Amino acid sequence: MAESEEGGASNAVRNGIAAAGTCGCLMLPFVLLGGVVVVIVFGGLGVLLAPLIALILFFGGGGGTADQGDADEVIAVFEGDGKGALAESTVSADLVDPIEEAGALCDAVGPIVIAAQIERESGFNTSMVGPDGKEGISQLPPDIFKKYGKDEDDNDKTSAFDAADSILAQGRHMCDLAGQAQQMVNAKETDDSVLDLTLAAYRVGMDAVRAAKGVPSTNEAQGYVASVRAQFAKYSGLAAPPSGATPGVTPASGTPSAPADRAAGAPPDSPVPSASSSPTA
């Protein structure tokens, strides 16, 4: 019965995706809303959330049509391990090397994961200060950055507001969390994947993940995992933004705004990207 319900939910969202492809970008908010309702009704990660990723096809392609094959391919990337090659055109040229380097520090975390996290965390805003004190493009807490941060660009300064320093610190932190997540999996404490556990721990802390024996059943934890995975297709190049789009920013209709997580108390001279989209959990 459960499998039947899951299949029905997945097919319903996929049908909505195909319809949105025919109607164009204006239908996207309504399809997204419908997808969220499905998730709320049926709950959980995995296959129920996976169809939502197909919406990236429309945000990236400007409202073109998509068929079942397109959706299936994007869903497969959504559910994958994020270990493929980064589509370099999807990020600013100066960030390609640090993202790829951070994504090569350990087997569990690839560059696609690093790039997707950065969009979710800061919308690629190197000067962002979060409401909880997190800093920089990777939004690491000061104590975490102090632990993992190094002077990556040899400018005699280690700073969370230096993109390379922040991204490599992010990579080291993720690899550390992945090692702890692997221990949980090896001990059969959870059925969740190492990557999902790692992403959840980055957001809510490994203690919370251990206490829940998996990805915590909270909107913050599960929404974060889903929203990062939702960018895998983009950064793998499968649903890349159209020509002329700002690298590292998911195009959308309307006036771009600053990252949603940016604190009102951020430094007044902190630059905000000309376009920015950070998926909400």
Original post:
Given 0.36 nm per residue, what is the gain on full extension from PHE161 to ASN186 after removing their alpha carbon distance, in nm?
Top reply: 5.4 nm
Original post:
In the neighborhood of LEU195, defined by Cβ-to-Cβ distances under 15 Å, what is the net charge if each Lys or Arg adds +1 and each Asp or Glu adds -1?
Top reply: -3
Subject >> Average accessible area per residue (Å²) across region 63-192 - probe 1.4 Å, nucleic acids and ligands excluded >> reply: 44
**OP:** List the residues whose amide H sits under 5 Å from the amide H of LEU140, counting only those 5 or more places along or on another chain, with H placed 1.01 Å from N in the peptide plane.
**Re:** GLU135
**OP:** In whole Å, largest first, what are the principal axis extents of the Cα atoms in region 105-199?
**Re:** 43, 26, 24
**OP:** Tally up the carbon and sulfur contribution to the accessible surface of region 88-208 as a whole percent, 1.4 Å probe, everything protein left in place.
**Re:** 44
Original post:
Hey, if we sort ILE114, ILE144 by accessible area with the 1.4 Å probe, largest down, what's the order?
Top reply: ILE144, ILE114
Subject >> Exposure of LYS150 as accessible area (Å², to 10), given a probe of 1.4 Å and all protein chains >> reply: 110
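The values are calculated or read from the model by the stated rules, or taken from the named source; none is laboratory data. Owing to the predicted nature of the structure, the values given are computational and were not obtained by experimental measurement. Note that we place each Cβ from the backbone using ideal geometry, even for glycine, and neighbour counts take in every protein chain shown. When the accessible area is computed, the model is the full protein with side chains, heavy atoms only, and any ligands, DNA or RNA have been set aside. Shrake-Rupley method; radii C 1.70, N 1.55, O 1.52, S 1.80 Å.
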